[in-house]
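The values are calculated or read from the model by the stated rules, or taken from the named source; none is laboratory data. Given the structure is predicted, the values throughout are model-derived calculations rather than measurements. Note that we place each Cβ from the backbone using ideal geometry, even for glycine, and neighbour counts take in every protein chain shown.
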Amino acid sequence: MSDVLWLATQVMTRVTRDQAYANLALDEVLRQHPDHRRSVAEVTELVYGTCRLMGTHDRVIEAASRRRLTDLQPQVVDLLRLTSHRMLAMRTPNHVAAQQAVDQARTRIHPKVAGLVNAVSRRISERSLDEWVQTLSNGLDSIDALALRTHHPRWIAESYRDLLGDEAEAALLANNLPAQPVLVVRPGLMRLDDLPGDDITPTRWSPFGFTSRQRPADIAAVRDGRAGVQDEGSQLVATALATAVDATGPWLDLCAGPGGKAALLVGLARRRHTWLLANEVAPHRADLVAQGTRAYPDGVQVICADGRAPAWLPDEFAAVMADVPCSGLGALRRRPDARWRKDTADVAGLTGLQLDLAHMGADSLAGGGVMAYVTCSPDRRETTDVIDALLAERDDLDLLDAPAVLQAVAGGATSGEALPDVSVPGHPLVAQLWPHRHGTDAMFLALLRRRSA
Ligand SMILES: C[S@@+](CC[C@H](N)C(=O)[O-])C[C@H]1O[C@@H](n2cnc3c(N)ncnc32)[C@H](O)[C@@H]1O
């Protein structure tokens, strides 16, 4: 019996039956089996890979079993998903993957299902992944075929194609590559130069970012809060807001939890001799903001309130970060199971809240102040549609040139490399980062200045 397959099956059960997040389910199962620590990397690769390609494996299993998934026992489906992944996307020899699946079916599920698992596994192994995709693509329209080739649900493939045309395929495929951790130094607490040199590579565009061969938890500065883990895209949009602000006055982070951008903004606000009010509606996430900014001796106040019913006066702030709750479609490479859990209705359900928060952020600005409207999603409904609605509903905001501000930020980084195209067709003043172009999460940024009364 393979330990790796058994541990992975337990994680998959939590993900598919209990709707647990893959990373949390994985941690839980590994904690319960400390004697299997040496298998962590293999179990992680198997589970995350299977989750990413789940929709494709499901279609392969239906074709190979000639049954609908709903006609199979859920435990058998999970075992076949993992087996399909081992055969089609990992280096496990087919006979080993099939035999281990059969052993597991017999001993852990029921002897009667071993024959079915054997037959389906062997049929899966008759084709490569490319051959399966080709076979299953017969008769599909171009969007369904794109979704199958890139292992996404149709509505996400459609959303990307709408934005990127032929480039959508590269963007979707980039979601299948795990993101490497990027770190950030907190301005005012330490500089990149303070880090031990031989192991540190500065990021290309964020003046505060770096990567390291060490695990983040092994870096002293991360442990004491002078540095942290933060995607380079998040660093760039926070730094862009700070760069665009020229008015004086306090800064506001409207939706601050868990606090990555807040921690960077505190340092940038202190440089300008001002301070940050960091607001978050969820108490446990507000605690994370306080934890993430703990290394600053001053310059930040954390509060817990609904940003639509603010606990502060309007017309006060020189800078507002409105990093609104969103579908997270721009961070799919970090959340292997997320694409199959979300639905296009989830996006539609968020846009009202996003617009309300954008209005409240704008109301909080003093005349001349600047708001960054940010999402970790490229979906038009959460990005340019919200900005268009905001601008249609009020006449006190001007869009600033976000691509130019991002280029200026990137120009201040040590690499001196220009940032590849961040433009959004039809909306020249907003910016969109992409994993396949920039190696960042797909962060959207609009910068809006409030007119003076
Ligand atoms: C995209 S996350 C923000 C990420 C954060 N800026 C960072 O960099 O770590 C959005 C946050 O908005 C919070 N949120 C949701 N509804 C809110 C509301 N009505 N008022 C304030 N915050 C809200 C969520 O709990 C979530 O923590």
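Tabulated data
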item	result
Boolean, residue 220 is within 28 Å of residue 420 (Cα to Cα) and of a type in the set (A, V, I, L, M, F, W, C)	no
Filter result for residue 231 (surrounded by 24 or more Cβ atoms within 10 Å (Cβ to Cβ), within 16 Å of the ligand (Cβ to nearest atom), within 19 Å of residue 448 (Cα to Cα) and at pLDDT 95 or above)	no
Top-ranked residue of the stretch 309-347 - restricted to ones that are under 30 Å from residue 49 (Cβ atoms) and aliphatic (A, V, I, L, M), ranked as farthest from the ligand (Cβ to nearest atom)	345
Selection from the stretch 106-147 of residues that are within 31 Å of the chain's Cα centre (by Cα), in a loop (DSSP other than H, G, I, E, B) and touching a residue at least 12 places away in the same chain (Cβ under 8 Å)	128
Boolean, residue 301 is at pLDDT 95 or above, within 13 Å of the ligand (Cβ to nearest atom) and of a type in the set (S, T, N, Q)	no
Residue check for residue 283: farther than 22 Å from residue 377 by Cα, more than 12 Å from the ligand (Cβ to nearest atom), in the same structural domain as residue 375 (by TED's automatic domain parsing) and exposed (fewer than 14 other Cβ atoms within 10 Å of the Cβ)	no
Hits in the stretch 1-37 - residues which are acidic (Asp, Glu) and either farther than 22 Å from residue 55 by Cβ or buried (at least 18 other Cβ atoms within 10 Å of the Cβ) (or both)	3, 27, 28, 35
In the stretch 155-197, residue surrounded by the most Cβ atoms within 10 Å (Cβ to Cβ) [restricted to those that are charged (D, E, K, R) and touching a strand residue (DSSP E or B) at 6+ places or on another chain (Cβ under 8 Å)]	186
